[in-house]
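Enquirer: Dropping a structure here in structure tokens format, bear with me for questions.
The values are calculated or read from the model by the stated rules, or taken from the named source; none is laboratory data. Please read all numbers here as calculations on a predicted model, not as lab measurements. Every residue, glycine among them, receives a Cβ derived from its backbone with ideal geometry; neighbour counts consider all protein chains shown. For accessibility, only protein heavy atoms count, side chains too; no ligands or nucleic acids. Shrake-Rupley method; radii C 1.70, N 1.55, O 1.52, S 1.80 Å.
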Amino acid sequence: ENLPPRAARGVASAFPESIHVNTLKFNRTDDRVLFAYAAEHGYVMVTRDKDFKRLSLELGSPPKVVLVAVGNAQIAQVGPLILAFADEI
């Protein structure tokens, strides 16, 4: 939720199955519910929310969690940043 839906579209060239939580009708859903859904469906979570890092450390993987720690970077910079690290992700 903390990244705009267009971020998922912006990385579709490297991650064609990318989907935003709002598309799944999960806006304002408890973090543990999202975490479990991602694990069950094989998603990698890409987020700016440190709560998912904490859940990942607490509950383990899956899902994998990629924390986008870019400080005050503009949202338009997030997609290119994710694409730059696509192989690692």
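Enquirer: Identify which of the listed values of Rg and Dmax of the Cα atoms in Å was calculated from the structure shown: (i) 21.7, 78; (ii) 12.3, 32; (iii) 14.4, 47.
Expert: Given (i) 21.7, 78; (ii) 12.3, 32; (iii) 14.4, 47, the structure-derived one carries the label (ii).
Enquirer: Counting other C-beta atoms within 10 Å, and keeping those with at most 13, which DSSP coil GluC sites (Glu not before Pro) do you find in region 39-89? Let's see the in-between values first.
Expert: Details: sites: Glu40, Glu58, Glu88; in loops: Glu88.
Those that pass, being in a loop and sparsely packed, are Glu88.
Enquirer: Defining a contact as two alpha carbons under 8 Å apart and six or more residues distant in sequence, what relative contact order in percent does the chain show?
Expert: Values: 88 pairs, mean separation 27.3, N = 89.
After rounding, I find 31 percent.
Enquirer: Excluding ligands, DNA and RNA, what is the solvent-accessible area per residue of the chain at a probe of 1.4 Å, expressed in Å²? Write down the numbers at each step before the final one.
Expert: Details: 5960 Å² over 89 residues.
Here the residues of the chain average 67 Å² of exposed surface.
Enquirer: Once neighbouring chains are kept in place and the probe is 1.4 Å, which whole percent of the accessible area of the chain is contributed by carbon and sulfur?
Expert: Numbers: 3080 of 5960 Å².
C and S fraction of accessible area: 52 percent.
Enquirer: Peptides 74-86, 41-53: what's the order by average Cβ count within 10 Å, highest mean first? Working shown, then result.
Expert: Values: 74-86: 13.3, 41-53: 16.2.
Packing proxy ranking, top to bottom: 41-53, 74-86.
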